[in-house]
Structures are given as C-alpha cells and as structure tokens.
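Peer 1: This is the structure I want to talk about, given as structure tokens.
The values are calculated or read from the model by the stated rules, or taken from the named source; none is laboratory data. Since the model is a prediction, treat every value here as computed from it, not as a measurement. Here the Cβ positions follow ideal geometry from the backbone for every residue, glycine too, while neighbour counts run over all protein chains shown.
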Amino acid sequence: MEIDFLIRKSKITNRHNISPIEVKSGDRYSLTSLEKCIRKYGPYLSTPFVLHDGDVKEENDIVYLPLYMASLL
C-alpha cells in the first residue's frame, strides 16, 4: 500500500483528522492503494482526496480535486 501524502486537519470531528491524499497524472489511473487504505483504516480517517488532471467531483466518499487546488488542502 502506497499513499502519497497524509495530512492532519486542525479541526477534530467525530472521526479522526488524518486525510490520505493520492496524486495522479494522466487520464488513466487506479486507486488500489487508496481503496485498500480506506478499507483497512477507514474508521480512523477523515476525507480521502485524489489530486488529478480532471475537474472537482466526489465519488464513493472520495473527493477529487484538480492539481492546482493542492494548496487549498
């Protein structure tokens, strides 16, 4: 399992405040490591993010952000 980044959010909620981040380039990619991480550590994680070349979207509780929005995390 390889996760590119883990960030800690300052806000603590009912879940823990660690968010996994995967960075992907190109149009074709898989999220095998991120999905495995969510399955194993899901109760301990906050929102998982994918930084990619596409638009903002949310699928299966994963937030997809364009690469230029990385500084907003």
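Peer 1: Starting from the range 24-41, keep only residues that are over 22 Å from residue 69 (Cβ atoms), then list their pairs with residues that are aliphatic (A, V, I, L, M) and at pLDDT below 95 whose Cβ atoms are within a distance under 6 Å, requiring at least 6 positions of separation or different chains.
Peer 2: From the range 24-41, the pairs are 36/1.
Peer 1: In addition: Can you name the residue in the range 13-63 that is part of a loop (DSSP other than H, G, I, E, B), over 12 Å from the mean Cα position of the chain (by Cα) and basic (Lys, Arg) and is also surrounded by the fewest Cβ atoms within 10 Å (Cβ to Cβ) among such residues?
Peer 2: 28
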